[in-house]
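Since the structure comes first, as structure tokens, the remarks are kept for the end.
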Amino acid sequence: MNKKVKIIKEIDGKTVGRMDVIGQNGNDGLHYDDPVTFIENKYPETSKMFQDFQFSQWELFCKKQKDYGPKNISVGTNLETDEEVKLALTGLWFRMNDKMQRFQQIVMNNQEPENESLMDTFMDLANYAIIARLVQEQVWGK
């Protein structure tokens with residue numbers, strides 16, 4: 001017997017969901033409460049370090065934006081047209097490709113560069129991915 005129950009509730013003004021899937025594949029039920037609480041409880045060290053990394057990403061982003069501003073990504077445009085967005089995303093693709101090439105050199109070819117670490121590469125890629133989302137949504141620099 002397959003039974004699915006979905007309950008939406010509010011905790012401290014935040015909508016959270018619970019879904020019970022009972023009797024599928026012989027299990028006695030999978031329970032998904034608030035995913036943040038679940039992960040924080042089940043994987044506390046991973047959760048803490050992930051959050052620390054995100055804050056480090058935010059700090060790096062702010063420092064770079066203070067130094068360069070948004071025009072280096074938007075290529076001097078206001079990201080008002082599809083063409084301007086595509087130009088900015090193409091520029092981001094080139095930047096991310098450079099980082100992936102460095103990633104390949106470090107990991108696959110065992111060539112550690114003198115001026116930028118593997119961690120620097122990860123941080124740059126993560127921030128460029130978020131920036132690409134902001135560009136796509138046309139909120140970059142606003």
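Read-outs: derived from the displayed coordinates by stated rules, not from any lab. All values derive from a computational prediction rather than experimental measurement. Note: ideal-geometry Cβ built from the backbone for every residue, glycine included; neighbour counts use all protein chains shown.
Can you give me the distance in nm between label points at residue 111 and residue 65, each placed 7 Å from the Cα along the Cα-to-Cβ direction?
Distance between the two pseudo-spin positions: 3.5 nm.
For residue 89 and residue 122, compute 0.36 nm times the residue count separating them, minus their Cα-Cα distance, and round to one decimal in nm. The partial results should precede the final answer.
Details: separation 33, 0.36 × 33 = 11.88 nm, distance 1.88 nm.
Stretched out fully, the residue 89 to residue 122 stretch lengthens by 10.0 nm.
Can you list the HN-Hα couplings for the range 105-118, worked out from phi with the Karplus curve (6.51, -1.76, 1.60; θ = phi - 60°), rounded to whole Hz and with x for Gly and Pro?
Taking θ as phi minus 60°, the curve returns 4, 6, 7, 8, 10, 6, 10, 6, x, 7, 10, 8, 8, 4 Hz for the range 105-118.
With 20 Å as the limit, write out which pairs from 48/99; 63/142; 63/86 have Cα-Cα distances beyond it, or answer none. Display every interim value, and only then the final one.
Details: 48/99 26 Å; 63/142 17 Å; 63/86 25 Å.
In this structure, 48/99; 63/86 lie more than 20 Å apart at Cα.
Expected output is a single nm value to one decimal: the length gained when fully extending between residue 96 and residue 39, i.e. 0.36 nm times separation in residues minus the C-alpha distance. What is it? Don't skip to the answer; put the middle values down first.
Working: separation 57, 0.36 × 57 = 20.52 nm, distance 2.93 nm.
Fully extending the segment from residue 96 to residue 39 adds 17.6 nm.
Multiply the residue separation of residue 82 and residue 130 by 0.36 nm, subtract the distance between their alpha-carbon atoms, and state the gained length in nm to one decimal. Kindly include the intermediate steps, with their values, before the conclusion.
Values: separation 48, 0.36 × 48 = 17.28 nm, distance 1.86 nm.
The span from residue 82 to residue 130 would gain 15.4 nm if fully extended.
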